[in-house]
1. Which number in (1) in contact with a helix residue (DSSP H, G or I) (Cβ under 6 Å, 6 or more places away or on another chain); (2) within 16 Å of the ligand (Cβ to nearest atom); (3) assigned to a loop (DSSP other than H, G, I, E, B) marks the one condition that ILE202 misses?
2. Residue under question is GLU58, and the condition is that it be farther than 16 Å from PHE193 by Cβ, in contact with a Leu (Cβ under 9 Å, 6 or more places away or on another chain) and loosely packed, with under 15 Cβ neighbours inside 10 Å; does it hold?
3. It is to be established whether one or more residues within the range 138-147 are of a type in the set (A, V, I, L, M, F, W, C) and within 16 Å of the ligand (Cβ to nearest atom).
4. If you scan the range 160-170, which residues turn out to be touching a residue at least 24 places away in the same chain (Cβ under 8 Å) and buried (at least 16 other Cβ atoms within 10 Å of the Cβ)?
5. Among the candidates LYS151, LYS198, single out the residue that is closer than 30 Å to LEU14 by Cβ, at pLDDT below 95 and of a type in the set (D, E, K, R).
6. Which one of these does GLN224 not meet: (1) surrounded by 12 or more Cβ atoms within 10 Å (Cβ to Cβ); (2) more than 13 Å from the ligand (Cβ to nearest atom); (3) modelled with pLDDT of 95 or more?
7. For the range 112-122, check the following and say yes or no: at least one residue is of a type in the set (A, V, I, L, M, F, W, C) and under 30 Å from GLU33 (Cα atoms).
8. Report yes if some residue within the range 88-97 is surrounded by fewer than 20 Cβ atoms within 10 Å (Cβ to Cβ), more than 13 Å from the ligand (Cβ to nearest atom), closer than 21 Å to ALA216 by Cβ and without any contact (Cβ under 8 Å) to a residue 24 or more places away in the chain; otherwise report no.
Amino acid sequence: MKRSEMKSDLRQLLSVSFGGGTNSTAMLIGLWERGIRPDFITFADTGGEKPHTYKHIEDMQKWLKKVSFPEIVIVKKVDKNGHVYTLEQDCMDHNKLPSLAYGFKQCSQKYKGQPQDKFFNNNDLCKAHWKSGGKITKMIGYDTGESHRIKDYNCNKYNVVYPMVEWGWSREDCIEAIDRAGLPQPSKSSCFFCPANKIAEIKEMNALYPELIERATAMERNAQLTQVKGLGRNFAWESVIATDDMFTDSYIQLACGCYDG
Ligand code: SF4
């Protein structure tokens, strides 16, 4: 995809869904290298991102300013009174785990997708654009190894495109692009309590951020569980932390829909 191709259609606004990880970071760099400036960059914060992701967003804001790109707009779910309502609080209030633990992806839709849609729906530029018959082009940072995740999400408001697949960028190309831009390589982004976390990641988190593991296991203890044993679905994270027993990740079949590794 070339700038001329993307901007020749004046009935488009360009938006990047920034996930806080390697791929969407690389996509921003690739766009900059091609002279394609997005109109919006959004990051949906569930309230449960890991500290390294919040730090990476700060680093990216500085880089975006340097290259004259728009800053990342951080969007969050709010309740009917306009107060931020986190996924963690939702789980605690309703004695449950994130829906991924039960095999569903509503947590991603509710805490990632909906706040971003709401931002665009309330944005005057977007409203005027839609009114004049235009569409917003959402750019998603999948690499060539993730083409199985590509779906046709086009509708009367949005075109959804996958620039890095068009560029032929693999995971390695993404890492190289980040090095080229002189940015730190981001660690994987996801909620600290995401049921898709692997055993090694849970153990690493326990070493790095024990207070977050305490909050995740408090969520497990608070949940009324019948279908699953805990955040690991067939096991509780508390068991993983408490013992050196062998657990395997084979129980965790569902990938996190928010993955931006
Ligand atoms: S990172 Fe995991 S827990 Fe958080 S919203 Fe996405 S799927 Fe749900």
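1. Going through (1) in contact with a helix residue (DSSP H, G or I) (Cβ under 6 Å, 6 or more places away or on another chain); (2) within 16 Å of the ligand (Cβ to nearest atom); (3) assigned to a loop (DSSP other than H, G, I, E, B) one by one, ILE202 breaks only (3).
2. Working: farther than 16 Å from PHE193 by Cβ: yes; in contact with a Leu (Cβ under 9 Å, 6 or more places away or on another chain): no; loosely packed, with under 15 Cβ neighbours inside 10 Å: yes.
Answer is no for this residue.
3. Initially, the range 138-147 is screened for residues of a type in the set (A, V, I, L, M, F, W, C), giving 139-140.
Adding the requirement that they be within 16 Å of the ligand (Cβ to nearest atom) leaves 140.
Within the range 138-147, one or more residues are of a type in the set (A, V, I, L, M, F, W, C) and within 16 Å of the ligand (Cβ to nearest atom).
4. The first filter runs over the range 160-170 and keeps only residues touching a residue at least 24 places away in the same chain (Cβ under 8 Å), leaving 161, 163-164, 166-170.
Passing the criteria: VAL161, PRO163, MET164, TRP167, TRP169.
5. Values: LYS198 fails: closer than 30 Å to LEU14 by Cβ.
Result of the check over LYS151, LYS198: LYS151.
6. GLN224 satisfies every listed condition except (1).
7. Applying the first criterion (of a type in the set (A, V, I, L, M, F, W, C)) to the range 112-122 yields 119-120.
Those left that are additionally under 30 Å from GLU33 (Cα atoms): 119-120.
Checking the range 112-122: at least one residue is of a type in the set (A, V, I, L, M, F, W, C) and under 30 Å from GLU33 (Cα atoms).
8. yes
The values are calculated or read from the model by the stated rules, or taken from the named source; none is laboratory data. Here the structure is a predicted model, which means the values were calculated and not measured. Positions of Cβ are generated from backbone atoms using ideal geometry, with glycine treated the same way; all protein chains shown enter the neighbour counts.
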